[in-house]
Amino acid sequence: EQLVGGVDTLFGKSSKKVQEYASNAYKTAGLSANEYMDTVTSFSASLLQGLNGDTKKASKVANLAVTDMSDNANKMGTDMKSIQNAYQGFAKQNYTMLDNLKLGYGGTKSEMARLVKDSGILGKAGKDLTAKKVSYDQMIEAIHKVQTNMGITGTTSKEASTTIQGSVNSMKSAWQNMLTGMADENADFGSLAKNFASSLVNVVKN
């Protein structure tokens, strides 16, 4: 309830979309809905500031960020917490943990500017770029572009359906969602149980 309240406060009319992303995070990010919302709320204030309060776009970019974090952790074998810490640092203009992502960029402001420039998301405008001119949403989109070019994007979702470890992680998150749903009279328990059952089938199949 506290996490949903936080999402409601930050995202307003786009809150339902964030909660929808959260309910599917067991497949897309290997996280329970609560873990997803906890992660999103930790950096959303900076994200909304960079997007001038556009909650609709912020919900999409936030989902992109969390999915990218999970994909990076899966592909590079990095601890998810250290990646979450890195993203939270970027939101505060602290780039010392950029090298946690293992994308070939060091932990400095100029290296973040180089990453955004290399991603090409700003086109010609990125030619004379400094990190001061980069908003948080642009950093997220640049990291996504670089990870896509490196073949990192989509690994969590793929592993959730095709590998033992990935499907077990997905099942654990679906189980957590079901447990939370037991204590929530507004939860669609039928869907939560169905999600858990399908994730269990994937584990057995793999």
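Values computed for the structure shown
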item: Linear extension gain, Asn85 paired with Thr180, 0.36 nm per residue minus alpha-carbon span; result: 31.7 nm
item: Carbon plus sulfur fraction of accessible area for the chain, probe 1.4 Å, in percent; result: 51 percent
item: Built amide H within the under 5 Å cut-off of Leu31, gap 5+; result: Tyr26
item: Interchain or long-range residues, amide H under 5 Å from Tyr105's placed H; result: none
item: Hz values of 3J(HN,Hα) by residue in the range 73-90 - Karplus curve (6.51, -1.76, 1.60), Gly and Pro given as x; result: 4, 5, 6, 9, x, 7, 5, 4, 4, 5, 6, 4, 4, 4, 4, 5, x, 4
item: Rounded to the nearest 20 debye, dipole of the range 1-157 from Cβ charges on Lys, Arg, Asp, Glu; result: 520 debye
item: Amide H contacts under 5 Å for Asn94, placed H, 5+ residues apart; result: none
item: Solvent-accessible surface ranking, highest first, for Ile164, Ile152 at 1.4 angstrom; result: Ile164, Ile152
item: Accessible area in square angstrom per residue, the chain, 1.4 angstrom probe; result: 51 Å²
item: Relative contact order (percent, whole number), the range 1-106, Cα cutoff 8 Å, 6+ residue spacing; result: 21 percent
item: Within the chain, longest stretch free of exposed GluC sites (Glu not before Pro) [DSSP loop, at most 13 other beta carbons within 10 Å]; result: 2-184
item: Two-site FRET efficiency, Gln49 against Asp188, from Cβ-Cβ distance with R₀ of 35 Å, rounded to 0.05; result: 0.55
item: Positive dipole terminus of the chain, leading residue within Ser167, Asn72, Met139 (C-beta point charges); result: Met139
item: Amide N of the range 82-98 lying under 15 Å from the label point, which is placed 7 angstrom from the Cα of Lys109 along Cα→Cβ; result: 90-97
item: Radius 15 Å from Cβ of Gly106, net charge of other residues (Lys, Arg +1; Asp, Glu -1); result: +1
item: Ranking by accessible area, most exposed first, for Asp184, Asp79 with a 1.4 Å probe; result: Asp79, Asp184
item: Solvent exposure ordering (accessible area, 1.4 Å, most first) of Phe11, Phe196; result: Phe196, Phe11
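The values are calculated or read from the model by the stated rules, or taken from the named source; none is laboratory data. None of the values given here were measured: they were computed from a predicted structure. Please note: Cβ atoms are built from the backbone with ideal geometry, for glycine as well, and neighbour counts cover all protein chains shown. Protein only, heavy atoms only, side chains kept; ligands, DNA and RNA dropped before computing areas. Shrake-Rupley method; radii C 1.70, N 1.55, O 1.52, S 1.80 Å.
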